[in-house]
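These notes are about the structure you will find just below.
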Amino acid sequence: MEKLLKWSIENSQNASTDPDSQREKVPNPEVLAQLFGQPDDAQLMRAAMDTILDPNVDIETKETAFDNLEMLVENLDNANNLESLDLWAPLIEQLANPSPVLRKMACWVIGTAVQNNPKSQAALLMYPKAVPNLLRIASTDPSKEARLKAMYSLSSAIRNHASGYDSFKNAEGWQVLMSIIRQETQHKFDEQTQNIPDSQLHLYESDEDIRRRSIFLLAGILSTEPFEDKIEILRSLSAVPSLLELLHVEGSYSAIEKIVQILLVIAKSQAGFTMEEKEGIRSGLSRAKKDGLLDLDETENEELTAEWRSLEQEINSDKK
């Protein structure tokens, strides 16, 4: 009550001669929260983590706490406060939680906190286990939902961030990414889901969406320099044959678009394509167009149309 009285007196005294003071005054929400004893965002973030770490709290309540934390870190300032509040370490530890639901939620919070946020991207990288753990979940976690959120986190963590890319590269991220794209980890799912009831298999089975997220992430990585270094890594991993195979079978318009973008970057590099690869690209693009995935006569995607034309020019050149 004393705080409220003091606030009222101060604001009435400042309203005397200032013309702007004649307008209706809207008190600062944070000031009101302090006056009436309501928790601020920092307190809410701490409370959410306390709930998540409490061994006596059930999974459903912890999931709700994670959901609240994810909404709070949508705010850039709150996301950047994770470090000052000492919340990054316990958050990253949740990536190893036995519950697939909580692993998924941890990935989700991390991805939201670092998305388009260089300060939080740098803060995440201060924890050496963060990116390797995200890669582990993305490639081998039995939970499909956890894998999808791990891909979201990885994409947010390394996008337009050189140090993030270095961490990804040093953790054998390229190898993991190509493994997912080739779906070489399918046998691991078969082993891990042997005793899972049929009613719960939808939470664990492998999914095309994960492969497509990997393609999107690969395209994002190749959208920034150094191009030649990255293409050399792709070549060393025999990525081009895998991409050409996908070009012949992929049924997603957006995934085909990303594959075209990736191939265009390679085409413009010093490496270029072999004649055999060029023929594979021609037949793959022809298939995609035939199936309506690249209808350039009617498409509204001018950028993709331009990329298609550029790729056609590159593969029809005499570079190789």
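The values are calculated or read from the model by the stated rules, or taken from the named source; none is laboratory data. Owing to the predicted nature of the structure, the values given are computational and were not obtained by experimental measurement. A quick note on method: Cβ atoms are made from the backbone with ideal geometry, for glycine too, and the neighbour counts reach across all protein chains shown. When the accessible area is computed, the model is the full protein with side chains, heavy atoms only, and any ligands, DNA or RNA have been set aside. Shrake-Rupley method; radii C 1.70, N 1.55, O 1.52, S 1.80 Å.
A few comments on the model shown:
- Residue in the stretch 8-16 that is modelled with pLDDT under 60, of a type in the set (D, E) and either more than 35 Å from the chain's Cα centre (by Cα) or in a helix (DSSP H, G or I) (or both) present: yes
- Neighbours by Cβ (under 6 Å, 6+ apart or cross-chain): first from the stretch 69-91, closer than 16 Å to Y127 by Cβ; second in a loop (DSSP other than H, G, I, E, B) and among the polar types (S, T, N, Q): A79/N117
- Close Cβ contacts (under 6 Å, 6 or more residues apart or on different chains) running from residues in the stretch 48-68 that are open to solvent by 60 Å² or more (accessible area, probe 1.4 Å) to residues that are among the hydroxyl-bearing types (S, T, Y) and not in a helix (DSSP H, G or I) comprise I59/S99.
- Positions within the stretch 69-89 being open to solvent by 20 Å² or more (accessible area, probe 1.4 Å) and part of a helix (DSSP H, G or I), in sequence order: M71, L72, L76, D77, N80, N81, E83, S84, A89
Matching residues to (1) in contact (Cβ under 8 Å) with a residue 24 or more places away in the chain; (2) over 12 Å from the mean Cα position of the chain (by Cα); (3) open to solvent by less than 30 Å² (accessible area, probe 1.4 Å):
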{"site": "I137", "(1), (2), (3)": "yes, yes, yes"}
{"site": "D141", "(1), (2), (3)": "yes, yes, yes"}
{"site": "E145", "(1), (2), (3)": "yes, yes, no"}
{"site": "Y152", "(1), (2), (3)": "yes, no, no"}
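- Taken over the stretch 106-122, the residue count meeting the criterion of being farther than 18 Å from K169 by Cα, small (G, A, S) and either touching a Lys or Arg at 6+ places or on another chain (Cβ under 7 Å) or open to solvent by 10 Å² or more (accessible area, probe 1.4 Å) (or both) is 1.
- Restricted to the stretch 234-278, and to residues there that are within 17 Å of S310 (Cα to Cα), charged (D, E, K, R) and within 22 Å of the chain's Cα centre (by Cα), the residue that is surrounded by the most Cβ atoms within 10 Å (Cβ to Cβ) is K258.
- Matching residues in the stretch 129-184 - criterion: being of a type in the set (D, E, K, R), out of contact with any Phe, Trp or Tyr (no Cβ under 8 Å at 6 or more places or on another chain) and in a helix (DSSP H, G or I): R136, E145, R147, D166, K169, R182
Results for (1) at pLDDT below 80; (2) not acidic (D, E), shown as yes or no for each residue.
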| residue | (1), (2) |
| --- | --- |
| I259 | no, yes |
| E277 | no, no |
| L294 | yes, yes |
| E300 | yes, no |
| S310 | yes, yes |
| K319 | yes, yes |
